[in-house]
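The values are calculated or read from the model by the stated rules, or taken from the named source; none is laboratory data. Computed from a prediction, not measured in an experiment: that's the story for all the values here. Methodologically, a virtual Cβ is constructed for each residue, glycine included, from the backbone with ideal geometry; neighbour enumeration extends over all protein chains shown.
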Amino acid sequence: MREFNAVVLGAGGVGKSALTVRFIRDVFVENYDPTIEEEYRRNVEVDGDLYSLEVLDTAGAEQFTALNEVYMKSGRGFILVFSLTQEASLREVDNLRQQIYRIKGGNTNVPIVVVGTKMDLVNEREVQRDTIQDLATRWALPFYETSAKRNWHVTEVFEDLVRQMRDRYPADPTRKKRKRASNRCPIM
């Protein structure tokens with residue numbers, strides 16, 4: 001089974017943890033508890049193949065944003081999260097996207113999915129669909145509107161990212177599986 005790691009980034013309070021926990025545990029976290037760093041793992045089936053996905057849920061609080069560079073260096077795929085109810089959080093996603101490209105040496109062939117959360121809060125929406133369409137075209141990245149509370153389009157986000165990582169980082173057929181070291185002592 002192939003393994004991939006994904007990093008979830010975005011401003012504080014946009015719903016990164018709610019999105020991640022909904023995908024990993026299929027529950028909705030109602031109360032907001034600022035995250036510093038949480039790591040999750042789940043097996044996910046995509047197009048008939050099973051993958052192990054490690055998801056790093058990061059802090060959005062400004063005092064922890066220095067850690068983002070470390071996450072960006074080690075991450076293979078990224079979920080950039082903004083709230084459909086906070087237009088300013090979309091600008092933060094653009095900053096994160098540019099930072100990822102810079103850290104990855106100017107490479108724009110990095111698996112990224114952009115996610116607008118809180119789709120169910122229709123009356124509080126600040127980010128319009130035409131804005132999202134325009135950015136999706138300009139950035140050439142997939143955008144999803146989700147609701148962790150209602151479980152709308154959450155799985156699709158992670159499956160899309162796995163597909164991108166699968167295509168971007170093909171399996172190496174020459175790589176042999178490591179044998180576990182045995183506890184036996186060879187006699188010479």
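Just a few scattered comments:
- Scanning region 80-124 for residues that are out of contact with any strand residue (DSSP E or B) (no Cβ under 8 Å at 6 or more places or on another chain) and among the small types (Gly, Ala, Ser) turns up Ala88, Gly105, Gly106.
- Long-range neighbours under 8 Å by Cβ, at least six apart or interchain, first residue more than 15 Å from Val81 (Cβ to Cβ) within region 146-159, second of a type in the set (Phe, Trp, Tyr) and in a loop (DSSP other than H, G, I, E, B): Asn151/Phe28
- Qualifying positions in region 22-51 - among the aliphatic types (A, V, I, L, M) and closer than 13 Å to Ile79 by Cβ: Ile24
- Each residue in region 64-106 was checked for being among the aromatic types (Phe, Trp, Tyr) and modelled with pLDDT under 90, and 2 of them qualify.
- Counting only strands (runs of 3 or more DSSP E) wholly contained in region 41-160, the ones carrying 3 or more residues that are in contact with a Phe, Trp or Tyr (Cβ under 8 Å, 6 or more places away or on another chain) occupy 49-58, 112-117.
- Of all the listed residues (Arg150, Arg180, Arg163, Arg175), the sole one being of a type in the set (D, E, K, R), surrounded by fewer than 15 Cβ atoms within 10 Å (Cβ to Cβ) and modelled with pLDDT of 95 or more is Arg150.
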